[in-house]
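Worksheet: the structure to be examined is printed underneath.
The values are calculated or read from the model by the stated rules, or taken from the named source; none is laboratory data. Since the model is a prediction, treat every value here as computed from it, not as a measurement. Cβ coordinates were reconstructed from backbone atoms using ideal geometry, including for glycine residues, and neighbour counts include every protein chain displayed.
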Amino acid sequence: MSDTQAAAQLFVETSGSSDGLFTLLDLALNAGAKSLLVLAADANGFTPAQLDARLQALPIPVFGGIFPEIIADGQSLKLGSLVCALPITAQVHHIERLSDADVDYFPATEALEAQIPAGSTLITLVDGLSKRIASLLENLYEVFGSRYRYLGGGAGSLSFEQKPCIISNQGLMMDCAQLTALSAPVSIGIDHGWDKFAGPFFVTGAYDNTITTIDYKPAFEVYREVVEADSGQQFTTNNFFDLAKAYPFGLDRLSGNVVVRDPLFRDDNKLVCVGEVPANHIIYILKGEADSLLEASQRCAQRAQTDAPPLLGLLFDCISRTLFLEERFTEEVNNIHSALPNGVPLAGALSLGEIADAGNTCLEFFNKTAVLGILTHEESAA
């Protein structure tokens, strides 16, 4: 079996300690890895002081992030780390200042195109609390287009405090995008299971990831009226996310589909979301049931199926789906894990937003969505 036909190997620990992670790194290196995917749970409390020296000393490329929870095969973990030893050499790049209003991402993206072979799979990780994720993705797709495949998600913490969360050979990084090129092709499934419930509404005021007005009224007042009437509950000073998790926004697309946006918290009468919401855009308030979300996870797994020899299942599933499904989230993970061929590892993250190409049209930053990629052994065309 050639190196490129070797299996990916998953190493997992559940203590959440930096020593536990370092042990996994040693195991993966000893297994002959050519590059490392590292996913860690936010509850580990990792800091640059703990990890940077070890990450900087790694002799092979490393990429990954810190997420609210991680998925190792059929289990979601609130504490712990996983290291996936890959038999292919990754090419890892970063674009920084992902919240800076003055940065034009096009030149940096254009400079990368010459370095990354066409046909590569781009594992695209971002700091999920950055303010200009959609701007970066728009520039990325404008330059790279449909000649590449894309899969990824937003790292970060459910505390909504922005801190270093991207794992790299430079150490832990924040407010950046990490673009990792792999020669392994990927087959992707995307689905969410949310339906239009109220609207359409018109976003009359917005900037970055903040909605200021809807139909010329304060955004929170419009949202509160709909959600409180349907739920029979009232927003208080500390229950916004608990109530909002069942009522995301949907951005209308020309295809007739909606891209989900999670409202994270209110800032007075403004609503701060995961990812940008453009002004002058039609939106809906969505609603879903546990069964419709679980059916969507089955469709997601079915759509990702491929006849090519699988290397690894890589899942980015929104953390707010976990919070919505609660104890039934184990069914979602099982729906996806059981769809993979025996022996194919599943690595994943419960993310702050999910990234994929939704059909050679644009590169989307999804929320409340399950995105599964099955990486395969076939070499990409250069």
Subset of region 191-231 [assigned to a strand (DSSP E or B) and either charged (D, E, K, R) or in contact with a Leu (Cβ under 8 Å, 6 or more places away or on another chain) (or both)]: Asp191, Asp195, Lys196, Phe197, Thr210, Ile211, Lys217
Is at least one residue of region 309-332 aromatic (Phe, Trp, Tyr), touching a Gly at 6+ places or on another chain (Cβ under 6 Å) and either more than 13 Å from Ile190 (Cα to Cα) or assigned by TED's automatic domain parsing to the domain that holds Arg147 (or both)? yes
Filtering region 175-186 down to residues that are within 15 Å of the chain's Cα centre (by Cα) and in a loop (DSSP other than H, G, I, E, B) yields Asp175
Positions within region 198-245 being touching a Phe, Trp or Tyr at 6+ places or on another chain (Cβ under 8 Å) and among the charged types (D, E, K, R), in sequence order: Asp215, Arg224, Glu228, Asp230, Lys245
Mind checking whether some residue in region 136-158 is outside any strand (DSSP E or B), buried (at least 18 other Cβ atoms within 10 Å of the Cβ) and basic (Lys, Arg)? no
Consider Ser76 carefully, then state whether it is hydroxyl-bearing (Ser, Thr, Tyr) and not in a loop (DSSP other than H, G, I, E, B). yes
All positions within region 349-382 that are under 14 Å from Ser183 (Cα atoms) and modelled with pLDDT under 70: Glu378, Glu379, Ser380, Ala381, Ala382
Those residues that are over 21 Å from the mean Cα position of the chain (by Cα), surrounded by fewer than 17 Cβ atoms within 10 Å (Cβ to Cβ) and among the small types (Gly, Ala, Ser), I need them from region 65-113; list them, please. Ala101, Ala111
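Here is a yes/no grid of residues against (1) in contact with a helix residue (DSSP H, G or I) (Cβ under 8 Å, 6 or more places away or on another chain); (2) surrounded by 15 or more Cβ atoms within 10 Å (Cβ to Cβ); (3) polar (S, T, N, Q); (4) in contact (Cβ under 8 Å) with a residue 40 or more places away in the chain:
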site: Ile211; (1), (2), (3), (4): yes, yes, no, yes
site: Phe240; (1), (2), (3), (4): no, yes, no, no
site: Ala246; (1), (2), (3), (4): yes, yes, no, yes
site: Leu251; (1), (2), (3), (4): no, yes, no, no
site: Phe265; (1), (2), (3), (4): yes, no, no, yes
site: Asn269; (1), (2), (3), (4): yes, yes, yes, yes
site: Val272; (1), (2), (3), (4): no, yes, no, yes
site: Glu276; (1), (2), (3), (4): yes, yes, no, yes
site: Ala279; (1), (2), (3), (4): no, no, no, yes
Quick one: which residue in Gly275, Gly313 is touching a Phe, Trp or Tyr at 6+ places or on another chain (Cβ under 6 Å) and among the small types (Gly, Ala, Ser)? Gly275
Please indicate, with yes or no, whether at least one residue in region 19-27 is free of Cβ contacts under 8 Å to residues at least 60 places away in the same chain and part of a loop (DSSP other than H, G, I, E, B). no
Out of the residues in region 159-174 that are part of a strand (DSSP E or B) and among the small types (Gly, Ala, Ser), which is surrounded by the most Cβ atoms within 10 Å (Cβ to Cβ)? Ser168
Touching a residue at least 12 places away in the same chain (Cβ under 8 Å), under 23 Å from Cys84 (Cβ atoms) and of a type in the set (Asp, Glu): is that true of Glu364 in this structure? no
